[in-house]
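Novice: Below are the structure tokens for one structure; questions will follow.
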Amino acid sequence: MALLMTMAWTTAPHAAPGDPAPSGGASGTDTVPAIGRAWPVGLRPLVVRAWVPPPTTYARGHRGVDLAAPAGSPVRAVAPGVVSFAGRVAGRGVVSVELENTGDPPLRTTYQPVRASVRKGDEVAPGDVVGILEASPSHCPAACLHWGLRRADTYLNPLSLLPPRLLRRGPSRLLPVPA
């Protein structure tokens with residue numbers, strides 16, 4: 001019986017805790033504390049599309065990460081904060097959470113498309129459900145959550161909020177391969 005070695009990993013680049021994260025515009029670098037305590041969907045969702053910072057504020061890029069999840073999945077806050085927006089933008093449900101103790105201006109996470117179960121001003125803890133993933137048309141081939149991170153007008157890599165223990169997929173495994 002032959003053995004096949006497989007490895008699982010997060011497909012998107014991420015900053016290590018304390019490393020500067022590339023800017024979403026032309027304003028330099030910003031540090032992101034690894035304060036996240038939960039993934040927004042699932043336990044370790046597949047990153048369908050990675051964060052691609054735009055070279056300038058209005059240039060092309062992907063200002064967040066897309067996480068695979070079935071429509072109807074609960075969407076959770078990754079870190080403690082206060083809901084700064086819960087509503088519809090361009091026909092899609094959006095929830096934004098201003099994160100606690102992340103500087104001035106504070107970091108803000110965004111989740112879409114989400115049917116919100118929270119309201120502006122609600123306090124959330126890591127893992128609290130903020131809504132349900134909607135089955136709306138998006139740029140993903142199947143349902144996915146677009147998860148974003150900003151400080152003021154600068155877009156940052158949301159994966160940089162998660163500590164390494166949450167980003168790891170586990171050890172390599174030897175699996176039997178049918179002959």
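The values are calculated or read from the model by the stated rules, or taken from the named source; none is laboratory data. Worth saying up front: this structure is predicted, and the values here are computed from it rather than measured. Cβ sites come from the backbone with ideal geometry, for glycine too, and all protein chains shown count toward neighbours. What goes into the accessible areas is simple: the full protein's heavy atoms, side chains included, and nothing from ligands, DNA or RNA. Shrake-Rupley method; radii C 1.70, N 1.55, O 1.52, S 1.80 Å.
Novice: With a cut-off of at most 11 other beta carbons within 10 Å, and DSSP calling the residue loop, which trypsin sites (Lys or Arg not before Pro) in region 77-163 qualify? Please list them.
Specialist: Working: sites: Arg88, Arg92, Arg108, Arg115, Arg119, Lys120, Arg150, Arg151; in loops: Arg119, Lys120.
Those that pass, being in a loop and sparsely packed, are Arg119.
Novice: Could you work out how far apart the two model spin labels at Leu46 and Ala90 are, taking each label as a point 7 Å from the Cα in the direction of the beta carbon, and quote it in nm?
Specialist: Result: 2.5 nm between the two label points.
Novice: Moving to a separate point now. Given a 1.4 Å probe, how much area per residue of region 50-179 is accessible, in Å²?
Specialist: Working: 6430 Å² over 130 residues.
Accessible area per residue, region 50-179: 49 Å².
Novice: A follow-up question, please. List the GluC sites (Glu not before Pro) in region 87-152 that DSSP assigns to loop (not H, G, I, E or B) and whose Cβ has at most 15 other Cβ atoms within 10 Å. Which are they?
Specialist: Passing sites in region 87-152 are Glu100.
Novice: How much solvent-accessible surface does His146 expose, in Å² to the nearest 10, with a 1.4 Å probe and all protein chains in place?
Specialist: 30 Å²
Novice: Order Ser84, Ser96, most accessible first, counting only protein heavy atoms with a 1.4 angstrom probe.
Specialist: Values: Ser84 35, Ser96 10 Å².
From most exposed to least exposed: Ser84, Ser96.
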